[in-house]
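Have a look at the structure below, then the notes.
The values are calculated or read from the model by the stated rules, or taken from the named source; none is laboratory data. The structure displayed is predicted, hence computed values, not measured ones. Here the Cβ is made from the backbone with ideal geometry for all residues, glycine too, and neighbour counts use every protein chain on show. Note: accessible area is taken over every heavy atom of the protein model, side chains too, but ligands, DNA and RNA are not part of it. Shrake-Rupley method; radii C 1.70, N 1.55, O 1.52, S 1.80 Å.
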Amino acid sequence: MDRELPVGGHLAELRKRVLISLAFFVLAAGVSFNYSPLLLGFLKRPLSGIVDKLVFFSPQEAFSIYLNISFTFGLLLSLPVLLYEIWRFVEPATGDKLRKRAFIFVGGVFIAFVSGAAFAYFILVPPALKFLLGFAGTELQPVISAQKYISFVVWTALATGLVFEMPVLSYILTRLGMLNSSVLRRKYRYAVAGILITAAMLTPTSDIFNLLLFAVPMLVLYELSIWVSKFAAAGSPA
């Protein structure tokens, strides 16, 4: 995309990028819908041994559940294309410092997001479910809505995936001259406080174990972001 394009040219370029992204999303969602019962079984796995069946409460809800699953996995599958199209649109505005860094942006953001989502699915969600359902005791029988359960898992994975973007964001902002490792190091104490507050808000439960389960990786990611920023500032090849 030419840096000197008029407004109309930028709008046409944006329309092109949006249409390409939308086409890949629809295709990925269609493929995902075909496998939605299998994907539902995958999402239910953290409930194994805790709750046998999920339920729905309206005639159209089962279809809506499978549709939501197909949209979620369709977005995940089409994410590399979406990120690439975003990069191609904004690349001219980044100047020479980030030219030809599409692989770092697309690969870094995608890998970081998937790593965060996987961390949520395998590490955070199972103990959170046991903790929350443990309050039922023997007097209450859990009857869990499939829609609400899937929303719980998806939003936990989404939030964790976004948190895992810290090192990638650190690299990009440092290359753009908007951040440096010394600033991150000086703000470490404030970062720790902010991470603990963020972990308390994002953690599905209120117990200290699950809070630390979320906060410790965030602290590691912050430290990693400092080193990534130092690497980016040194201009090392990536």
> Points 7 angstrom from Cα along the Cβ direction at Glu139 and Val18: gap in nanometres?
Replying inline: 5.4
> Seen from all sides and averaged, what is the projected area of the convex hull of the Cα atoms in segment 78-177, in nm²?
Replying inline: 7.9
>> When 1/r is averaged over all different Cα pairs and the result inverted, which Kirkwood radius in Å belongs to segment 28-121?
In response: 15.7
> For segment 176-225, which semi-axes, largest first and in whole Å, follow from the square roots of 5 times the eigenvalues of its Cα gyration tensor?
Replying inline: 24, 9, 9
> What length, rounded to one decimal in nm, is gained on full extension from Leu173 through to Asp52, with 0.36 nm per residue of separation minus their alpha-carbon distance?
Replying inline: 38.9 nm
> Applying 1/(1 + (r/R0)^6) with R0 = 30 Å to the Cβ-Cβ distance of Leu196 and Phe131, what FRET efficiency is obtained, to the nearest 0.05?
Replying inline: 0.95
>> Take the chain, mark every one of the GluC sites (Glu not before Pro) that falls in a DSSP loop and has at most 14 other Cβ within 10 Å, then report the longest stretch left between them, sites excluded.
In response: 5-138
> Given a Förster distance of 45 angstrom, what is the FRET efficiency for Leu38 paired with Ala233, based on the Cβ-Cβ distance and rounded to 0.05?
Replying inline: 0.50
> Lys/Arg Cβ at +1, Asp/Glu Cβ at -1, dipole of segment 51-153 taken about the Cα centre: which of Leu77, Tyr66, Gly107 is farthest positive-ward?
Replying inline: Gly107
> Helix 188-202 sits at what angle to the longest principal axis of the chain, using alpha carbons and giving 0 to 90 degrees rounded to 10?
Replying inline: 40
>> Taking each pair of distinct Cα atoms in segment 141-238 once, what is the resulting Kirkwood hydrodynamic radius in Å?
In response: 15.0
>> Under the rule that an exposed site lies in a DSSP loop and has at most 16 other Cβ atoms within 10 Å, name the longest stretch of the chain with no chymotrypsin sites (Phe, Trp or Tyr not before Pro) of that kind, not counting the sites themselves.
In response: 58-238
> Of the chain, which part is the longest with no trypsin sites (Lys or Arg not before Pro) in a loop (DSSP not H, G, I, E, B) and with at most 15 other C-beta atoms within 10 angstrom?
Replying inline: 101-186
>> Using a 1.4 Å probe on the protein heavy atoms, what percent of the accessible area of the chain belongs to carbon and sulfur?
In response: 71
> By the scheme Lys and Arg +1, Asp and Glu -1, what is the net charge of all other residues having a beta-carbon under 11 Å from that of Pro142?
Replying inline: 0
>> Taking just the alpha carbons, could you work out the radius of gyration and Dmax for the chain, both in angstroms?
In response: 20.9, 69
> For His10 and Ile123, FRET efficiency with R0 = 30 Å and r from the beta-carbon atoms, rounded to 0.05?
Replying inline: 0.10
